[in-house]
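**Q** Before we start, here is the structure in question, set down as C-alpha cells.
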Amino acid sequence: MRNLKLLQTLEFKDIQAPGKPQYFSLRTEQNTVLIGSECGLIEVDPITREVKNEISLVAESFLPEDGSGCIVGIQDLLDQESVCVATASGDVILCNLSTHQLECVGSVATGISVMSWSPDQELVLLATGQQTLIMMTRDFEPIMEQPVHQDDFGESKFVTVGWGKKETQFHGSEGRQAAFQMQMHESALPWDDHRPQVSWRGDGQFFAVSVVCPETGARKVRVWNREFALHSTSEPVAGLGPALAWKPSGSLIASTQDKPNQQDVVFFEKNGLLHGHFMLPFLKDEVKVNDLLWNADSSVLAIWLEDLQREENSALKTYVQLWTVGNYHWYLKQSLPFDTSAKSRIVSLMWDPVTPYRLHVLCQGWHYLCYEWHWMTDRSSGDNSSDLANVAVIDGNRVLVTVFQQTVIPPPMCTYYLLLPHPVTQVTFSAHSKKSNDLAVLDASNQISVYKCGDSPSVDPTVKLGAVGGNGFKVPLKTPHLEKRYIIQFENDEDKEVNPLKLTLLTWIEEDSFLAVSHSQFSPQSTVHRLTIASSEAAEEQGQLIISSSVTVDGIIISLCHSSKTKSVALQLADGQILKFLWESPSLAVEPWKSLGGFPVRFPYPCTQTELAVIGGEECVLGLTDRCRFFISDNEVASNITSFTVCDEFLLLTTHSHTCQCFSLRDTSFKTLQASLCSSHVANGEVLRKVERGSRIVTVVPQDTKLILQMPRGNLEVVHHRALVLAQIRKWLDKLMFKEAFECMRKLRINLNLIHDHNPKVFLENVETFIRQIDSVNRINLFFTELKEEDVTKTMYPPSVTSSTHLSVDPAEKKLDLICDAMRTAMESINPHKYCLSILTSHVKKTTPELEIVLQKVHELQENGSSVPDGVSAEEALKYLFLLVDVNELYDYSLGTYDFDLVIMVAEKSQKDPKEYLPFLNSLKKMETNYQRFTIDKYLKRYEKAIGHLSKCGPEYFQECLNLIKDKNLYKEALKFYPPNSQQYKAICLAYGEHLTQEHQPETAGLVFARCGAYEEALSAFLACASWQQALCMATQLHLTKDQLGDLSRTLAGKLVEQRKHNEAAIVLEQYAQDYEEAVLLLLEGAAWEEALRLVYKYNRLDIIETNIKPSILEAQKNYMAFLDAQTTTFSLHKKRLLVVRELKEQAQQMNPDDEVPHSQESDLFSESSSVGNGSEMSGKYSHSNSRISARSSKNRRKAERKKHSLKEGSPLEDLALLEALNEVVQSIEKLKDEVHRILKVLFLFEFDQQGRELQKTFDSTLQLMERSLPEIWTLTYQQNSAIPVLGPNSTANSIMASYQQQKTPVPVLDAELFVPPKINRRTQWKLSLLE
C-alpha cells in the first residue's frame, strides 16, 4: 500500500551539441551521460550542466556527413575507460574518452540493427541486417554466428505422451470441429519496425530475442542460453509487439500484445509459455509501446508509449508509465505525459543500474531529465479518534482509499475509490488534526482535486464504494465528496512543456494553502512554493491555485515533513542537511534546524523517509535511509530498520530480525531510546514482538490498538502490539472508561488484574461505576475468577516509567479480600438479586473462601424462593457454585455446618448417589450432639475440633480420644481441653513425653514428665541428655539415698566428660559424690589448672600438687611445644609450595593466554551440552556423558567435597588446597592463645620459668611468622578476583563462563572464601610479662 513519491528532479536543458540525439547511455562511476547523434558522441555532466567531452564520428567517416547516419548502441566499458559504439552501417567503434582516440574493432557489411552487452560485460551480441546473430567476447573475438530464425523449438522442447490432446478435449460452443482447425498466424503490427529486440536476464545466463518470422509475418520470442544454444521458442501470440524486457530477477519476460479491444502487457516464462498479463489504460490503436524497461530490483516496470499517428502532421504525445505489482494486481503508480512539441518527444529512456528508482529520460530537443522516486505510504496523520486511519493508494486515474478504523480490507480491494480525469501523481492528507480525513489529489495535468468529509448535498459520481459496497447492504461510512478542482497557475507556463512533473512533495498545510517544491533547471537549487486558493466572485467549477510566495534554497530538497502538533516543517537537502521552514511568517524563510545545544542538524546519509517527533522535550527529525539506517537528528541509532512511523506518543519500527518495536516518546529521553534500539536484549516485554518476515508498517489506528502491517506479497496483517494495547487500556482506566478497557482486555487476553492494579485507590473508590458500566453478571464473574494476589504492574505489565500518582493500598490487607468486599458491598447496594451469583463468587474468591456463608445464602434462597424478577433460584445458585468449587468439597463444607437440611440440599443438586450419603446422615442423626459433631469432624479430618467435641462426651470416651490424639500427634492441642490437675491431663502428658522420647527429644520429654509429676520418667529423660541440674532436681524429688545419689552423680560425670565438660563433671563429683580426688583428676584432664588448685587447697591435700598437678603441667607444656613445632614446619612447607605453584601458573598463562579455567566442581553449574566450553575441555580427560546432566546426590557431593582439594603436587586445584591448609594452621594457632596464657601462669607459679619462657618464645615466634606471611599468601590480586560476583539470580551459564574468561584466573566461585585472609586478633593479651 505504498506509492512512488518523487524525491528530486534533475534537468539539463538545451544541451549545446550538433545534430539530433538518437541514443544515450550512462557512465555510473563518473555520473555522466553519453549521448549519441548523427554527428558523434558527447559526454555531459547533468549536475554541473556542462559538456565534458565531444567526439565526432563524422570526421573519421564512421558516420556520413549528410546526417543520415544512425547509432544503434552505446555501451560504457568500465575497466577500459572507453565506450563501445555501434552504427547502423555496421561499424563497431571503441572510443577512448581520455585521448579521443577511435578504433574500429569490427565491421558487419550487412549493417547492425542491435548491439546488446551481457550484464557482466563479458559478451556482446550483434543483430545484423542479414537476420543473423553474432556473439563475441569482450575483446571482440567472434564466438559464433547463427541465423536468428530457427526451425527447431529449442533444448526445452515439451515432451508429450499423448494425454490431453486437443482432439480429445471439450471445446464448448465451438464444437468438435474446433479441434481440427488450423491456427491462423497474424502478421506483425502495422507500426512494427521489424527490428529485432534483445534483452538479457539479470544474471547473464540467458537472453531473449524478439524477431518477425519471415514465414508467418508474426513476431516470436526465442530464448538462447549463454553458450548460444537455442533454449525455447514462444508459443504463437497474435498481435505480439516488438517491446521486450527480461525481468532482472529472472522470472518473467515482458512484452506487449494487441487484442481486438485492448492492449496488454504480457509475460512469458523462460520456456516460452504465457504467464499473466495486465491491460494498458488506452483504447485500441490509440498508442504504441516503444519500449519496456525493468528497474534494477525488478519492482517497477516502465512503459514508454507514443500516440499513433492518425492524421498527417498531427502532434504526437509520448508517455512514460511506471507500473508495480502487489497481491497479483498491477498498479499504475506514475504517468508522465510529455507535451506534443517536437522537443518534448522522448528519444531514449533507461533506468539507473545502481540506484533502483532513478529514471533517465532524453528528449529530442537536447533536454535531459532525471527523476528519482522512492516508496512512501500516504496516510492520514490525525492523532485523535476522529481520524479514520485512511491510507491512499494510487492506481492510474483512481485513488484507492482504505479506512482502517472501521474495517481492514486487503489490497487491491479498498473501502472506496476516487475517480480522477487524469492519472494521479501525488496524494496528500490535510495536516489539520480535526480535518485529517480530507485529502487532495494532484494529477498529471497539474490539477489538484480537493475531497472533504462531511455532508454532501448530492451523490458524488467521482467517489465509488469498493469492497464495503453491495446491493441490499447499508454502509455505515461517510465518504468524502469532491469540493472543487484547482488548476495551478505557474509564473512561466513554458517551463512545463518538457518536464511533466513540475511540482513535488505536495503538502496540505492549511485549509486554503499548500506547500510544494520545484527544482531549478539551471543550478542545484530548489524552491519552496506556497500555493493559495485564488479568491473568485463567481462560483466556478474550477478554481485556481496561485503561487502566493516562494523561497529559494541552495541545494536539492528531497523530503519535507510536517508536524500537526508543533506546526513545524522540516526540509532535507540531498546532502543530509536539515532546514527549518518558517511558513507561518509573513515572508517565507528558511533557517538551519538546530539541536538543543545550538548545533545544526545534518543526516550523515540522505534519508528517504523523514518525520518529526518530540523526544525528551526536544523536537527531533527522524530519518530512514534506503539502506535501513535509522537516524534521530544526526545520530545513527540503528542499522536494521525496514519501516517506521510516529503515532501519537509512540515510535514504531520494524527490523530485519522480523520484529516490531514500540517505544513511548512521552517519558523517554534520546539516550534511553538510543540505548534501547542499540541493545540486542529488550528487558521490557511490551516493547518487542515478533512479526512475519518482511513486514512493513502501513499505519496505526489512532486512539486504538490496531497496527496494520503489509507483507512482501501485498497481503495485510493486523496486530495489536502489546505496548499500544496497554497504553490505550491505561488511558481508558484513567478516564474511568471501564467497559472499553474490559472489552479490549477480554478480546486481547490481557490479565484483568490490571483494572485494579493500574490504580488500586481509584478503582476501589469507583467500584460502583465499574459494576454499572460492565452491567453483566457473567463478565463480573469473569473478573472475579481472574483475580490473584500478584500485582501485575510489577510482574506482567511493568510501566515504562514509574508513576508516582498511582498509590497502592495498604499492603497489610489482602488484595483479593479488599476487591471482593468492596465489590460485594457495591453489588448489594445496587441490586443484590441481580448480582446474586457475583456476590456468591466474591465470597468464594477470598483468600480464605467463605463457603459456609455461601451455603447459608443459598439455603436462604431456597427458603425464601425467587419471587424477584431479576432473582436467582437456589437451584441455579448451587449449579453455578459447582462450577467454582468441587462438589465433594462443597458437600464437606455443608456437612461441617452441622445443618442437615443444607447437607441434603447440596447432596441432591450434586451427582452423588443417595445410597452413599443417606445411610451416613441417618446414622449421624441418631447420635448424641457432641459425639455426632465429633464423628462429622473426624470424617472431615478436622481432628482438633473432633477432640474438642469428644472431650465433652464424658470420661467413658477418653480412651477413644487418647487413641486419636496418639494417632494424629495432637498432644499440645488436646492439653487445652482438660484441666491440669485431672487424670486425663496426666495421661496425655505421659503419652506426649513418650512420643518426644521416641523422637529423640529427651530434654523436652523430661520437662513434660516433670510438669505432670512423673519424676522417674523425667529423671531418665534428663539423664539421657546429660542435663545434670534437672536430673539432680528430680533425684531430690524422688528422695534417693546417698548411695543412689552417688551412683547417679558418677553416671552424670561420665556423660559430661564425654561432652568435654570437665568443669561441670568435677562439680558433680565433688558436691554430690564427695569424691574430690577424682574431681581434681578431671580438672587436670581438662587443663583447668587453677580450679584444680582451688580444690587441693580447699581439702588441704597439698601432696596432690607434687604427685599429679606438676607432672600434668610439664606434660602439657611438652605437648604444646611439639604441636607448635609441627604446625610451624607444616606452615613453612605449604607456603613455599604455594609460591612455586603460583609462579608455574603465571608462566603457563603467559605461554597460553587463551586457556580456559581447568575443570572443577563448578563445571556442574553449566549445561554439559552447552557450547560455552572449548573443544579441548570437552574431549579431555575429565569428559562427561550426556546422561550426567542431573544434579549430584548429596552423598556423592559430600564425597566430592572431601576430595575436591588435593595437596598432591600437580593436581588442578593444588593452590586452593594449600590455601585451605594454611588457613587451618593459622586458625588453630589463634585458638591456642587462651590455653597458652593459662598454662604460662601455672608454670611461673611452680617455678618452671625456663619451660614457661621457652613456650612463650616459641608461641610468639610462630605468631610473628604467620603475621608476616599473610600478605604474601593472600595477595591483593587474589582477593579482588575472588570478590567479583559472577553468580546470582540474573546470571546464566554463558554469563558465568564469560566472567571466568575475562578474569583469566582459575578461581572457583564456591571457594571464594578461601581468598579472604584469616584474622589474627592482636588485642588478645596472652603473654605473661613475668616470663619476659
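The values are calculated or read from the model by the stated rules, or taken from the named source; none is laboratory data. All values reported here derive from a predicted model rather than from experimental measurement. Ideal geometry is used to build each Cβ from the backbone, glycine not excepted, and the neighbour counts take in all protein chains shown. These area figures cover heavy atoms from the full protein model, side chains too; ligands, DNA and RNA do not enter into them. Shrake-Rupley method; radii C 1.70, N 1.55, O 1.52, S 1.80 Å.
**Q** Looking at D438, D383, D387 in this structure, which one is crowded, with 21+ Cβ neighbours inside 10 Å, closer than 16 Å to L707 by Cα and of a type in the set (D, E, K, R)? Give the steps one after another, and end with the answer.
**A** On the way: D438 fails: closer than 16 Å to L707 by Cα; D383 fails: crowded, with 21+ Cβ neighbours inside 10 Å.
Just one listed residue meets the conditions, D387.
**Q** If you don't mind, there's one more thing I want to ask. Quick check on region 1103-1119: of everything there that is of a type in the set (D, E) and within 16 Å of V1080 (Cα to Cα), which residue is farthest from the chain's Cα centre (by Cα)?
**A** Initially, region 1103-1119 is screened for residues of a type in the set (D, E), giving 1103, 1106, 1115.
Then keep just the ones that are within 16 Å of V1080 (Cα to Cα); that gives 1103, 1106.
On the way: D1103: 91, E1106: 88 Å.
Within region 1103-1119, the match that is farthest from the chain's Cα centre (by Cα) is D1103.
**Q** Go through (1) outside any loop (DSSP other than H, G, I, E, B); (2) under 35 Å from the mean Cα position of the chain (by Cα); (3) within 22 Å of G714 (Cβ to Cβ) one by one and return the number of the condition T428 breaks.
**A** (3)
**Q** Which of (1) touching a residue at least 60 places away in the same chain (Cβ under 8 Å); (2) buried (at least 16 other Cβ atoms within 10 Å of the Cβ); (3) not in a strand (DSSP E or B) is the odd one out, the single condition D14 does not satisfy?
**A** Only one criterion is unmet by D14, namely (2).
**Q** Pick from region 855-905 the residues that are β-branched (V, I, T) and under 27 Å from M927 (Cβ atoms): which of them is nearest to the chain's Cα centre (by Cα)? Talk me through it step by step, then tell me what you get.
**A** Here is the first cut: in region 855-905, the residues β-branched (V, I, T) are 858, 868, 872, 885, 887, 897, 903-904.
Right, trim to under 27 Å from M927 (Cβ atoms) and you get 858, 887, 897, 903-904.
Working: V858: 50, V887: 45, T897: 54, V903: 55, I904: 57 Å.
Selected residue: V887.
**Q** Spot the failing condition for D91; the list is (1) touching a residue at least 24 places away in the same chain (Cβ under 8 Å); (2) closer than 22 Å to V361 by Cα, and only one is missed.
**A** So D91 meets the others, but not (2).
**Q** Criterion first (touching a strand residue (DSSP E or B) at 6+ places or on another chain (Cβ under 7 Å), open to solvent by less than 20 Å² (accessible area, probe 1.4 Å) and of a type in the set (V, I, T)) does T659 satisfy it? Break it down stepwise before answering.
**A** Values: touching a strand residue (DSSP E or B) at 6+ places or on another chain (Cβ under 7 Å): yes; open to solvent by less than 20 Å² (accessible area, probe 1.4 Å): yes; of a type in the set (V, I, T): yes.
When the stated conditions are applied, T659 passes them.
**Q** If you don't mind, there's one more thing I want to ask. Is region 651-669 home to any residue that is modelled with pLDDT of 85 or more, closer than 16 Å to S559 by Cα and in a strand (DSSP E or B)? It would help to see each step written out before you state the result.
**A** Step one: of region 651-669, the residues modelled with pLDDT of 85 or more are 651-665.
From the residues that got through so far, the ones that are closer than 16 Å to S559 by Cα too are none.
No, that holds for no residue.
**Q** Could you list, ordered by first residue, the pairs with Cβ atoms under 6 Å in which the first is in region 1089-1113 and farther than 17 Å from K1241 by Cα and the second is open to solvent by 20 Å² or more (accessible area, probe 1.4 Å), at least 6 apart or interchain?
**A** L1095/Y1076; Y1099/Y1076
**Q** Tell me, yes or no, whether region 714-725 has at least one residue that is surrounded by fewer than 19 Cβ atoms within 10 Å (Cβ to Cβ), among the β-branched types (V, I, T) and more than 22 Å from the chain's Cα centre (by Cα).
**A** No.
**Q** Now a separate question. Give me the pairs, please: first residue somewhere in region 864-885 and over 19 Å from K846 (Cβ atoms), second residue anywhere and open to solvent by 30 Å² or more (accessible area, probe 1.4 Å) and modelled with pLDDT under 80, beta-carbon distance under 8 Å, and either six or more positions apart or on two chains.
**A** V872/S866; S873/G865; S873/S866; A874/Q862; A874/S866; E875/K909; L878/K909; K879/K909
**Q** Give me the pairs, please: first residue somewhere in region 895-923 and under 19 Å from F934 (Cα atoms), second residue anywhere and among the acidic types (D, E) and open to solvent by 50 Å² or more (accessible area, probe 1.4 Å), beta-carbon distance under 6 Å, and either six or more positions apart or on two chains.
**A** Every condition considered, the pairs that remain are T897/E852.
**Q** Okay, next question. If you check L881 against the conditions, is it within 30 Å of P832 (Cβ to Cβ), assigned to a helix (DSSP H, G or I) and open to solvent by less than 30 Å² (accessible area, probe 1.4 Å)?
**A** Details: within 30 Å of P832 (Cβ to Cβ): yes; assigned to a helix (DSSP H, G or I): yes; open to solvent by less than 30 Å² (accessible area, probe 1.4 Å): yes.
Considered against the rule, which asks whether it is within 30 Å of P832 (Cβ to Cβ), assigned to a helix (DSSP H, G or I) and open to solvent by less than 30 Å² (accessible area, probe 1.4 Å), L881 comes out as yes.
**Q** Filter region 114-140 down to the residues that are free of Cβ contacts under 8 Å to residues at least 24 places away in the same chain and closer than 23 Å to S25 by Cβ, then identify the one that is surrounded by the fewest Cβ atoms within 10 Å (Cβ to Cβ). Don't jump to the end; show me each part of the working.
**A** Of all residues in region 114-140, those free of Cβ contacts under 8 Å to residues at least 24 places away in the same chain come to 130, 132, 137, 139.
From what's left, closer than 23 Å to S25 by Cβ: 137, 139.
Working: T137: 11, D139: 8.
This residue is D139.
**Q** Quick one: what pairs do we get from region 214-241, first residue under 24 Å from P260 (Cβ atoms), second assigned to a loop (DSSP other than H, G, I, E, B) and of a type in the set (D, E), C-beta under 8 Å, 6+ apart or different chains?
**A** G217/E186; A218/E186; R219/D192; A238/E186; G239/E186; G241/D192
**Q** Would you mind stating whether D460 is in a loop (DSSP other than H, G, I, E, B) and modelled with pLDDT under 90? Spell out how you get there, then give the answer.
**A** Details: in a loop (DSSP other than H, G, I, E, B): yes; modelled with pLDDT under 90: yes.
So D460 fits the description; yes.
**Q** Can you find, within region 200-243, the residue that is surrounded by the most Cβ atoms within 10 Å (Cβ to Cβ) among those that are in a loop (DSSP other than H, G, I, E, B) and touching a His at 6+ places or on another chain (Cβ under 6 Å)? Break it down into steps so the answer makes sense when it comes.
**A** Filtering region 200-243 down to residues in a loop (DSSP other than H, G, I, E, B) leaves 201-205, 213-218, 226-229, 234-239.
Add one more test, that the residue is touching a His at 6+ places or on another chain (Cβ under 6 Å), and what stays is 216, 218.
Values: T216: 15, A218: 19.
Filtering first and then ranking leaves A218.
**Q** Same structure, new question: How about region 857-875: which of its residues are surrounded by fewer than 15 Cβ atoms within 10 Å (Cβ to Cβ) and part of a helix (DSSP H, G or I)?
**A** Pass one, region 857-875, residues surrounded by fewer than 15 Cβ atoms within 10 Å (Cβ to Cβ): 860, 863-865, 867-870, 873.
Answer for region 857-875, where residues must be surrounded by fewer than 15 Cβ atoms within 10 Å (Cβ to Cβ) and part of a helix (DSSP H, G or I): E860, E863, N864.
Table: residues versus (1) in contact with a strand residue (DSSP E or B) (Cβ under 6 Å, 6 or more places away or on another chain); (2) farther than 23 Å from L283 by Cα.
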position	(1), (2)
P190	no, no
D193	no, no
C213	yes, yes
A229	no, yes
S234	yes, yes
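**Q** Further question on the same structure: Is one or more of the residues making up region 623-631 open to solvent by less than 40 Å² (accessible area, probe 1.4 Å), without any contact (Cβ under 8 Å) to a residue 24 or more places away in the chain and under 27 Å from the mean Cα position of the chain (by Cα)? Walk me through how you get there before you give the answer.
**A** Narrowing region 623-631 to residues open to solvent by less than 40 Å² (accessible area, probe 1.4 Å): 623-625, 628, 630-631.
With the extra rule that they be without any contact (Cβ under 8 Å) to a residue 24 or more places away in the chain, the set shrinks to 624-625.
Applying the additional criterion that residues be under 27 Å from the mean Cα position of the chain (by Cα) yields 624-625.
Checking region 623-631: at least one residue is open to solvent by less than 40 Å² (accessible area, probe 1.4 Å), without any contact (Cβ under 8 Å) to a residue 24 or more places away in the chain and under 27 Å from the mean Cα position of the chain (by Cα).
Residues are listed down the side, and each one gets a yes or a no for (1) modelled with pLDDT of 85 or more; (2) surrounded by 13 or more Cβ atoms within 10 Å (Cβ to Cβ); (3) over 60 Å from the mean Cα position of the chain (by Cα):
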site: R933; (1), (2), (3): no, yes, yes
site: Y939; (1), (2), (3): no, yes, no
site: Y943; (1), (2), (3): no, yes, no
site: D967; (1), (2), (3): yes, no, no
site: L975; (1), (2), (3): no, yes, yes
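**Q** Hey, another quick one. Just for helices (runs of 4 or more DSSP H) wholly inside region 930-983: which have at least 2 residues that are in contact with a Lys or Arg (Cβ under 8 Å, 6 or more places away or on another chain)? Lay out the reasoning, then the answer.
**A** On the way: elements: 943-951, 958-968, 971-975.
Where helices (runs of 4 or more DSSP H) fall fully within region 930-983 and carry at least 2 residues being in contact with a Lys or Arg (Cβ under 8 Å, 6 or more places away or on another chain), they are 943-951.
**Q** In region 576-596, what residues are under 34 Å from the mean Cα position of the chain (by Cα) and open to solvent by 60 Å² or more (accessible area, probe 1.4 Å)?
**A** The first filter runs over region 576-596 and keeps only residues under 34 Å from the mean Cα position of the chain (by Cα), leaving 576-578, 593-596.
Result: K594, L596.
**Q** Also: May I ask you to list the residues in region 404-417 that are in contact (Cβ under 8 Å) with a residue 60 or more places away in the chain and closer than 14 Å to D378 by Cβ?
**A** Listed by number, the residues that qualify are F404, P411.
**Q** Consider Q8 against the criteria (1) outside any loop (DSSP other than H, G, I, E, B); (2) open to solvent by less than 30 Å² (accessible area, probe 1.4 Å): it satisfies all of them except one. Which criterion is unmet?
**A** Of everything listed in (1) outside any loop (DSSP other than H, G, I, E, B); (2) open to solvent by less than 30 Å² (accessible area, probe 1.4 Å), Q8 misses just condition (2).
**Q** In region 247-269, is there at least one residue being open to solvent by less than 10 Å² (accessible area, probe 1.4 Å), farther than 28 Å from L400 by Cα and in contact with a Leu (Cβ under 9 Å, 6 or more places away or on another chain)?
**A** Taking region 247-269 as the starting set, the residues that turn out to be open to solvent by less than 10 Å² (accessible area, probe 1.4 Å) are 253-256, 263-268.
Imposing the further condition that a residue be farther than 28 Å from L400 by Cα reduces the set to 253, 268.
Checking the rest, the ones that are also in contact with a Leu (Cβ under 9 Å, 6 or more places away or on another chain) come to 253, 268.
Yes, there is a match, as at least one residue in region 247-269 is open to solvent by less than 10 Å² (accessible area, probe 1.4 Å), farther than 28 Å from L400 by Cα and in contact with a Leu (Cβ under 9 Å, 6 or more places away or on another chain).
**Q** Counting only residues that are over 30 Å from P412 (Cβ atoms) and in contact (Cβ under 8 Å) with a residue 40 or more places away in the chain, how many does region 731-749 have? So that I can check it myself, show each step before the final result.
**A** Going residue by residue through region 731-749, those that are over 30 Å from P412 (Cβ atoms) are 731-746, 749.
Still in the list and also in contact (Cβ under 8 Å) with a residue 40 or more places away in the chain: 742.
Number of matching residues: 1.
**Q** Something else now. Which residue pairs have Cβ atoms under 8 Å apart, sit 6 or more places apart or on different chains, and have a first residue in region 1022-1047 that is among the hydroxyl-bearing types (S, T, Y) and a second that is surrounded by 12 or more Cβ atoms within 10 Å (Cβ to Cβ) and at pLDDT 85 or above?
**A** Within 8 Å, the pairs are S1027/E1003; S1027/G1006.
**Q** Is it fair to say K565 is assigned to a loop (DSSP other than H, G, I, E, B), out of contact with any His (no Cβ under 6 Å at 6 or more places or on another chain) and not acidic (D, E)?
**A** Values: assigned to a loop (DSSP other than H, G, I, E, B): yes; out of contact with any His (no Cβ under 6 Å at 6 or more places or on another chain): yes; not acidic (D, E): yes.
So K565 passes the test.
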